[in-house]
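A.B. asks: The structure that follows is given in the form of structure tokens.
The values are calculated or read from the model by the stated rules, or taken from the named source; none is laboratory data. Since this is a predicted model, take the numbers as computed values, not measurements. Positions of Cβ are backbone-derived with ideal geometry, glycine not excepted, and every protein chain shown enters the neighbour counts.
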Amino acid sequence: MAVNGNGVGVQSSIKRNLTNNNNNDSKNQRLAIKHYQNLCHKRLSSSSSGSSPNSEPNQMKRLAGKVAVVTASTDGIGFAIAKRLAEDGAAVVISSRKQKNVDNALAELRKLNLNLFEQTISKYGKLNILISNAATNPAVGGVLECDEQVWDKIFDVNVKSSYMLAKEALPYLRQQKASSIVFVSSIAGYDAFELLGAYSVSKTALIGLTKAAAKDLAPEGIRVNCLAPGVIKTKFSRALYEDESANEAALSKIPMGRLGTSEEMAGVVSFLVSEDAGYITGESIVAGGGMTARL
């Protein structure tokens with residue numbers, strides 16, 4: 001039985017509607033039901049044919065024709081986001097502070113036949129999507145124990161660079177319809193991580209930046225949202241999952257009982273920049289396996 005958008009069986013609802021309509025005789029009822037049975041069969045056959053969203057022609061993909069810039073996109077969550085956006089049809093500009101990292105990432109992505117731009121966005125004159133993912137945490141400790149120079153570096157990279165990047169991209173975003181910005185924050189922005197005080201505060205600032213920018217840009221049709229990952233298995237969190245006791249402590253706080261993956265974060269971002277999220281702006285999506293995450 002096919003199911004409609006409200007979760008109601010299509011055949012059952014059709015039968016009820018036809019039965020309650022005194023203008024239709026039993027023959028018309030049987031013909032109508034047979035028609036919808038055939039239609040449902042075709043849809044089910046099509047959905048079970050083995051095709052996947054990533055195997056569709058490019059023009060059928062939800063980000064086809066879009067140009068995206070993803071910062072810090074040569075590893076971890078950033079790389080997964082760049083890969084997913086490209087798989088979903090977007091042309092992707094990747095970036096890193098080190099050219100070697102860019103070259104390595106491009107080489108890997110080319111193996112997957114993804115459509116990537118290697119040069120700066122100014123050359124192409126078009127930008128639909130901006131993903132600000134750059135982050136750093138050069139020291140550990142309580143928030144009030146943080147050295148001023150370390151504090152400045154964390155906020156320069158994690159907050160100021162995101163602000164400046166969005167400001168630089170804004171003229172391009174304004175030239176396109178339904179443009180979108182996603183800042184990558186952290187669940188630590190809601191509930192500070194122990195010994196990552198300054199980092200956690202910087203991630204809270206990104207949530208605030210998201211809300212403020214979303215209000216400013218909503219009248220222009222530019223959406224601004226935020227991804228707040230939980231504990232994700234990347235190089236950044238290696239200390240958590242390589243040490244057995246630290247891993248157990250981390251997992252004890254995650255109701256789903258496992259670390260998240262970069263690919264799962266990329267899926268959320270792809271949704272946020274697509275037309276499927278066309279009425280969502282100013283929101284922070286927490287992907288943390290059920291961890292508590294509210295200010």
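A.B. asks: When you go through Val143, Val159, Val150 one by one, which is the residue that is touching a Ser or Thr at 6+ places or on another chain (Cβ under 8 Å), among the aliphatic types (A, V, I, L, M), surrounded by fewer than 19 Cβ atoms within 10 Å (Cβ to Cβ) and touching a residue at least 24 places away in the same chain (Cβ under 8 Å)? Step through it out loud before you land on a result.
C.D. replies: Working: Val159 fails: surrounded by fewer than 19 Cβ atoms within 10 Å (Cβ to Cβ); Val150 fails: touching a Ser or Thr at 6+ places or on another chain (Cβ under 8 Å).
Within the list Val143, Val159, Val150, the selection yields Val143.
A.B. asks: Quick check, is Ala239 at pLDDT below 95 and either in a helix (DSSP H, G or I) or surrounded by 13 or more Cβ atoms within 10 Å (Cβ to Cβ) (or both)?
C.D. replies: Working: at pLDDT below 95: yes; either in a helix (DSSP H, G or I) or surrounded by 13 or more Cβ atoms within 10 Å (Cβ to Cβ) (or both): yes.
So Ala239 passes the test.
A.B. asks: Would you check which residues across the stretch 270-295 are in contact with a Pro (Cβ under 9 Å, 6 or more places away or on another chain) and under 13 Å from Ser185 (Cα atoms) and list them?
C.D. replies: Listed by number, the residues that qualify are Val286, Ala287, Gly288.
A.B. asks: Let me ask something else. Evaluate the stretch 214-223: report whether one residue or more is within 28 Å of Glu148 (Cβ to Cβ) and in a helix (DSSP H, G or I). First the steps, then the outcome.
C.D. replies: As a first pass, look at the stretch 214-223 and keep what is within 28 Å of Glu148 (Cβ to Cβ): none.
Among the residues of the stretch 214-223, not one is within 28 Å of Glu148 (Cβ to Cβ) and in a helix (DSSP H, G or I), which makes the answer no.
A.B. asks: Of the residues Ala266, Ala250, which is crowded, with 17+ Cβ neighbours inside 10 Å, under 21 Å from Asp75 (Cβ atoms) and more than 20 Å from the chain's Cα centre (by Cα)? Spell out the reasoning first.
C.D. replies: Working: Ala266 fails: more than 20 Å from the chain's Cα centre (by Cα).
It is Ala250.
A.B. asks: Scan the stretch 255-270 and report the pairs whose first residue is more than 10 Å from Ala287 (Cβ to Cβ) and whose second residue is polar (S, T, N, Q) and not in a helix (DSSP H, G or I), with Cβ atoms within less than 8 Å and a gap of 6+ or a chain change.
C.D. replies: From the stretch 255-270, the pairs are Ser262/Thr234.
A.B. asks: Answer yes or no: is there a residue in the stretch 207-228 that is among the basic types (Lys, Arg) and under 15 Å from Ser185 (Cα atoms).
C.D. replies: Scanning the stretch 207-228, I find at least one residue that is among the basic types (Lys, Arg) and under 15 Å from Ser185 (Cα atoms), so the answer is yes.
A.B. asks: Also, I was wondering about something else. Identify all residues within the stretch 51-64 that are at pLDDT 90 or above and over 13 Å from Val269 (Cβ atoms); write none if there are none. Full working, then the answer.
C.D. replies: Step one: filter the stretch 51-64 for residues at pLDDT 90 or above, giving 61-64.
Within the stretch 51-64, Lys61, Ala64 meet the criteria.
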